[in-house]
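Readers should treat all values here as calculations from the given coordinates under stated rules, not as data from a laboratory. Predicted model only: the values in this text are computed from it and were never measured. Here Cβ is always computed from backbone atoms with ideal geometry, including for glycine, and neighbour counts include all displayed protein chains.
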Amino acid sequence: MKKLLAVIVALMLLASAAIAEAPALSWSDFEPVLEAGGVTGQFYTFDEIAIKIWLPDGMNAVELTDEDKANGYIGYYMPEDQSATVAVMYVDVNGMSLEEYGSYLSSEAGATEVEVGTVNGFPCVSYKLPEQDTVSVAFTTEAGYVLEVTCQPASEENADLVWGAVVSSIQAA
């Protein structure tokens, strides 16, 4: 129990430090703390966009329908009790820059805490949608699309820690 508490405290410190300073997350900051606490998970690779994302054990891939795929979903994960979700989408935003996309999210989508930053060296914009209880990070691509990873629920205790680890893991495959 003490070991788990120490991991939670360390993750809280990492998450708060990353958020308090310039928003820059790195998997190398979270990985040792997760390992020390025995928190396990696995990387999922998305070949079509050449990235990989770590998810904690218990997050299971949900089979995507043709409609899901048409709406831009390339991955959707949840535990058996359906208490949380991680959605990975690849969406055409007509070539918007990160700043433009962040402005759009603030003005049109009701996003809060919109910040431009980096994850593993990739420029991104992070934001929350309070009405949907989600936290998301989006990256623009050379093709004028946005790769977006959305995690839910954002309001649960320790959600910043879990989703911080997921988001900080996004990297080239």
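What FRET efficiency would be calculated for the residue pair N60, Q132, taking the C-beta separation as r and a Förster radius of 25 Å, to the nearest 0.05? Walk me through the numbers before you get to the answer.
Details: r = 21 Å, r/R0 = 0.85.
For R0 = 25 Å, the calculated efficiency reads 0.70.
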Gaussian network model of the chain, Cα springs within a sub-10 Å range: biggest mean-square fluctuation belongs to which of L64, L147, L55?
L64
Calculated log₁₀ intensity ratio I(q)/I(0) where the Debye formula runs over C-alpha points of segment 56-155, q = 0.13, 0.21 Å⁻¹:
-0.47, -1.17
Spin-label proximity, A50 to segment 137-173 - amide N less than 12 Å from point 7 Å beyond Cα toward beta carbon:
142-143, 172-173
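By how many nm would the segment from A36 to E67 lengthen if fully extended, with 0.36 nm per residue of separation less the alpha-carbon distance? List each step's numbers first, then the result.
Details: separation 31, 0.36 × 31 = 11.16 nm, distance 4.08 nm.
Gain on extension, A36 to E67, equals 7.1 nm.
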Multiply the residue gap between S28 and S155 by 0.36 nm, knock off their C-alpha separation, and tell me the result in nm, one decimal place.
43.2 nm
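Pairs of Cα atoms under 8 Å, at least six residues apart: use those to get the relative contact order of segment 2-172, whole percent. All intermediate terms of the calculation are to be shown ahead of the outcome.
Details: 301 pairs, mean separation 40.4, N = 171.
Answer for segment 2-172 is 24 percent.
If you count, for each residue, the other Cβ atoms within 10 Å and average over each peptide, how do 65-75, 159-169 line up from highest to lowest? Write out the running numbers ahead of the final one.
Values: 65-75: 13.0, 159-169: 22.3.
Order by mean packing, descending: 159-169, 65-75.
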